[in-house]
Amino acid sequence: MDHLQQLRATIHQYLFGLLALENLSSVAIGWTLATYTHLDPLLVGLISLTSSLAFSLVIVIIMTRLVVQPIRALWQTILHFSPIDQGVAAPQFDGLRVGRELVESLSTQVFQLANVAEHANEESQRQNSNLANNFIAQNLPLPLFVLDSSETIKFANVAAAKYIGIAAADLIGKNIYMVLDMSFPSEDTFDTWLKSVKEKSATATGSWERVRLNVRDNHPTLMFDLAAYYNRANSEHDETMLALFDHTKQYSQDDQAVSFIALSVHELRTPLTLLRGYIEVFEEELGGKVDAELQDFMFKMKAQAEQLMAFVNNILNVARVDDDQLELRLQEEQWPSVLKSAIEALSLRAKVRGMRIECTMAGNLPSVGVDRLSIYEVVNNLVDNAIKYSGTSKVIKIDTHLTQGGLIETTVQDFGLGISGNIMPNLFTKFYRDHRNRAQIGGTGLGLYLSKAIVSAHGGQLWVRSKEGEGSTFGFTIKPYAQLTEEMKKTGDTDLVRGAHGWIKNHSLYRR
Amino acid sequence: MTDQPAPAVQSRTVLCIEDEHFISELYTRALTKGGYHVTVEGDGEKALAEAQTDKYDIILLDLMLPNLTGIEILRTLRDTARVPPLRAKIIITTNLEQREDVRADIESHADGYLVKAEMTPHELVNFLDTVK
């Protein structure tokens, strides 16, 4: 404040002195003219006034310069210390006539502030670039990697080195893909993600589950979830960060549960493959050369092998439904041809039991959207049940027609034992079997449970109508293909892929 | 051979990589009848070496094998940085059930994926006839 008062006083003094000088000089000019010349007093007054005005003008110019001087010096100082280099030279204080003390004191302040700011910036940069010295990053019990813009590892913490069994010093400077040979459960992988975010985004985060580390030698397989953070604005040395969340124990347990079913299925399928192979050889070599009884046995053998196949597929699909892994791809099909080939495969099984399948199909059915293999299994299970529960009846009727609601309905009717009303509600429950004939009729209680899941995934309904002693009718509806594509437009889906529990969006095709 | 008319097309060669002897026996029988020339190999490591001779039009590859799994064989054969690309079409033949994602991954590296239990030897021949 003192300096400011000093400046005010100086300007004050200058102005006072100059104004006094100006007034005195105009009075002096007037007096001189009036005394030594004989001019008109009016003219004298005019001349003194004009000279006074001219003098004022000179004073204004000089004063403006003087007053602006310190401001210009300050402006120069600030720009000179600004972090953005503007090419402004340091100000010269010697030439300052007014406010020199003020400018000097303020300049010192600016210099100090700029110094502090620069220091703080340096400090933060030093801390950033030297994560290795960062206690938290280094000792966090979570494997961390930091990559530069060319995916070279710039930092790996103690946990990361320990996790993958390579010394931290050996990790630095290596390409991440050389060190972490990762397998992802889908096409959405870390490297494709990183490539696309580098093109499109300034910052992005990504996460992946069930990532597997392909390890060399005898190192145990590791499974983890992965999270990544990318920031283009970070310095080039730490553009991308990776954190690994180990789930090796949990995921390998899951895998063991799945692999138990997978292994069982494998063990069932191998003899089945052979049985079917040998049956085929017998058919080829002995067909027509054996007597009717042997021929009949051969058919029965084939039918049994096919039934076993269907059973194995049921187990697998139930496991898929329960694990939310069943994926159906609905494709445009002509329903009569799908149904016909499903029934053809089943007719042998009916035939060896002396039964026949009667089928009626309405004309003018629109094309349907179905997953062929899965819908086969529905028909398979319903006809299998009809065969099993037919009792002494020898006919199974299959009918397909258009409902009033525009859906394609297919019914499978038997004239056998029928189902009592009190067990109807449990019919579609997994492992449920009718207790009255459980001992006489084989089965697992999986067929209807699975069929319902598959029909639901098609967007249809599975129903039953039955009367004890008169037989049962099972029916299911499926949607016309046109209706599905219409629904697809509304939901914005691009692919007709569905899971047992609803839509799966934009998936690639797995089942063929 | 001399008294028979020369076949219009030379018979196609198949390397059947399969450790279950009964299955390879059935496949060999059906494929030979179907006009293919079949070589069987049941050991993973030897099969990989045999495949790399590039003498085959088609390779049937089982996944569960001793010494080297089918997946490892497939991975090696498709790694063009390590081995020159083969002219053979590689068809996976397995009874192993995979997670859908694993299966899709394998399928994407092979020219076909068949479940052995789901087809008879004759159906296999019919399928291979369509593989060009």
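Each value in this text was obtained by applying a stated rule to the coordinates, not by laboratory testing. As the structure is a prediction and not an experimental result, all values here were calculated from the model. Cβ: placed from backbone, ideal geometry, glycine included. Neighbour counts: every protein chain shown.
Using the Karplus equation 6.51 cos²θ - 1.76 cosθ + 1.60 (θ = phi - 60°), what ³J(HN,Hα) coupling, rounded to whole Hz, does each residue of the stretch A:356-367 give in order, writing x for Gly and Pro?
10, 9, 9, 10, 10, 10, 5, x, 6, 7, x, 5
Give me the extension gain from B:Thr69 to B:Thr13: residue separation times 0.36 nm, minus the current Cα-Cα distance, reported in nm with one decimal.
Working: separation 56, 0.36 × 56 = 20.16 nm, distance 2.23 nm.
Result: 17.9 nm gained on full extension.
From zero up to wherever the largest Cα-Cα distance of the stretch A:146-245 sits, split into 5 Å bins and tell me the percent of pairs in each.
The distribution over the stretch A:146-245 is 2, 13, 24, 27, 20, 10, 3, 1, 0, given as percents.
Amide H of A:Asp181 versus every other amide H placed in the peptide plane: which residues, excluding those fewer than 5 positions away on the same chain, fall under 5 Å?
Residues meeting the amide H criterion: A:Asn214.
Among A:Ile398, A:Ile59, B:Asn95, whose Cα sits farthest toward the positive end of the charge dipole of the protein assembly as shown (+1 at Cβ of Lys/Arg, -1 at Cβ of Asp/Glu, about the Cα centre)?
The Cα lying farthest towards the positive end belongs to A:Ile398.
List the lysines whose Cα lies under 25 Å from the Cα of B:Lys89, skipping any in the same chain that are fewer than 8 positions away.
Excluding near neighbours in sequence, the set is B:Lys33, B:Lys46, B:Lys55, B:Lys116, B:Lys132.
Could you tally the net charge around A:Ile387, taking each other residue with its Cβ under 14 Å from the Cβ of A:Ile387, Lys/Arg +1 and Asp/Glu -1?
Values: positive: A:Lys300, A:Arg349, A:Lys351, A:Arg353, A:Arg356, A:Lys388, A:Lys394, A:Lys397; negative: A:Glu306, A:Glu358, A:Asp384, A:Asp414.
It works out to a net charge of +4.
Determine which lysines satisfy two conditions relative to A:Lys162: a Cα distance under 25 Å, and not lying fewer than 8 residues away in the same chain.
Candidates past the 8-residue exclusion: A:Lys154, A:Lys174, A:Lys249.
Count the DSSP beta bridges whose two residues both fall in the protein assembly as shown, then state the antiparallel fraction as a percent rounded to the nearest 5. Before the final figure, lay out each step's value.
Working: 54 of 77 bridges.
Bridges in the protein assembly as shown are about 70 percent antiparallel.
Which value does Rg/Rh take for chain A over its C-alpha atoms, Rh per Kirkwood? Display every interim value, and only then the final one.
Values: Rg = 46.3 Å, Rh = 32.6 Å.
Result: Rg/Rh = 1.42.
Given a cut-off of under 8 Å on Cα pairs at least six residues apart, what relative contact order in percent is computed for the stretch B:1-122?
Numbers: 184 pairs, mean separation 28.7, N = 122.
Relative contact order comes out at 24 percent.
Counting only other residues whose beta carbon sits under 15 Å from that of B:Pro85, what net charge do I get with K and R as +1, D and E as -1? Provide the component values of the computation, followed by the final result.
On the way: positive: B:Lys55, B:Arg75, B:Arg78, B:Arg82, B:Arg87, B:Lys89; negative: B:Asp54, B:Asp57, B:Asp79, B:Asp111.
Here the charged neighbours net out to +2.
Calculate the spin-label point distance for A:Ser105 paired with A:Glu285, positioning each point 7 Å from the Cα along the beta-carbon direction, and give it in nanometres.
Using points 7 Å along Cα→Cβ, the separation is 11.6 nm.
What's the average, rounded to a whole number, of partner chain beta-carbon atoms within 10 Å of each residue's beta-carbon in A:267-274? Write down the numbers at each step before the final one.
Numbers: counts 1, 2, 8, 8, 4, 4, 14, 7.
Mean inter-chain Cβ contacts per residue within 10 Å come to 6.
Give the calculated FRET efficiency between A:Ala28 and A:Leu4 to the nearest 0.05, with a Förster radius of 35 Å applied to their Cβ-Cβ distance.
Efficiency for this residue pair is about 0.45.
Give me Rg/Rg_expected for the stretch B:13-130, where Rg uses Cα atoms only and Rg_expected = 2.2 N^0.38 Å with N residues.
Details: Rg = 13.1 Å, N = 118, 2.2 N^0.38 = 13.5 Å.
In units of the 2.2 N^0.38 Å rule of thumb, it is 0.97.
For helix A:292-322, report the angle its Cα long axis makes with the longest principal axis of the Cα atoms of chain A; keep it between 0 and 90° and round to the nearest 10°.
The answer is roughly 20 degrees.
Within a Cβ distance under 10 Å of A:Tyr177, other residues only, what is the Lys/Arg minus Asp/Glu net charge?
Numbers: positive: A:Lys174; negative: A:Glu151, A:Asp181, A:Asp191.
Result for the neighbourhood of A:Tyr177: -2.
Run the quick spin-label model on A:Ser150 and A:Leu21: label points 7 Å from Cα toward the beta carbon, then report their separation in nm to one decimal.
7.0
Once the principal axes of the Cα atoms of the stretch A:2-126 are found, what is the range along each, listed largest first in whole angstroms?
Principal-axis extents of the Cα atoms in the stretch A:2-126, largest first: 86, 29, 19 Å.
Find how many whole Å separate the alpha carbon centroid of the stretch A:318-357 from the alpha carbon centroid of the stretch A:89-103.
Answer, in whole Å: 97.
Just need the relative contact order of chain A here, percent rounded to a whole number, with Cα pairs under 8 Å and 6+ apart.
Details: 701 pairs, mean separation 42.3, N = 512.
Contact order relative to length: 8 percent.
Once the Cα gyration tensor of the stretch A:249-325 is diagonalised, what are the square roots of 5 times its eigenvalues, in whole Å and ordered largest first, as equivalent ellipsoid semi-axes?
37, 12, 7
Give the relative contact order (percent, whole number) for the stretch B:22-78; include only Cα pairs under 8 Å separated by 6+ residues. Spell out each step's value before the answer.
Values: 32 pairs, mean separation 17.2, N = 57.
About 30 percent, as a whole number.
Taking R0 as 51 Å, what's the FRET efficiency between A:Glu199 and A:Arg72 from their Cβ-Cβ distance, rounded to 0.05? Please list the in-between numbers first.
On the way: r = 49 Å, r/R0 = 0.96.
Efficiency for this residue pair is about 0.55.
So what are the ³J(HN,Hα) numbers for the stretch A:262-272, from phi and the Karplus equation (6.51, -1.76, 1.60; θ = phi - 60°), rounded to whole Hz, Gly and Pro as x?
Per-residue couplings from phi come out as 4, 5, 4, 4, 4, 5, 6, 6, 4, x, 5 Hz.
Give me a comma-separated list of calculated 3J(HN,Hα) values for the stretch A:105-115, in order, Karplus coefficients 6.51, -1.76, 1.60 applied at θ = phi - 60°, integers in Hz, x for any Gly or Pro.
Values per residue, Gly and Pro as x: 5, 5, 4, 4, 4, 4, 4, 5, 4, 4, 4 Hz.
Tell me the label-point distance for the pair A:Gln483, A:Leu46, using the 7 Å Cα-to-Cβ offset, in nm and rounded to one decimal.
Reported label-point gap for A:Gln483 and A:Leu46 is 10.9 nm.
So what is the calculated 222 nm ellipticity per residue for chain A, using -39500 (n - 2.57) for each DSSP H run with n of 4 or more, over all residues, to the nearest 500 deg cm²/dmol?
Per the formula, -17500 deg cm²/dmol.
Go ahead and run the numbers for FRET between A:Leu53 and A:Asn121, Cβ-Cβ distance against an R0 of 60 Å, rounding to 0.05.
Details: r = 55 Å, r/R0 = 0.92.
The formula returns an efficiency of 0.60 here.
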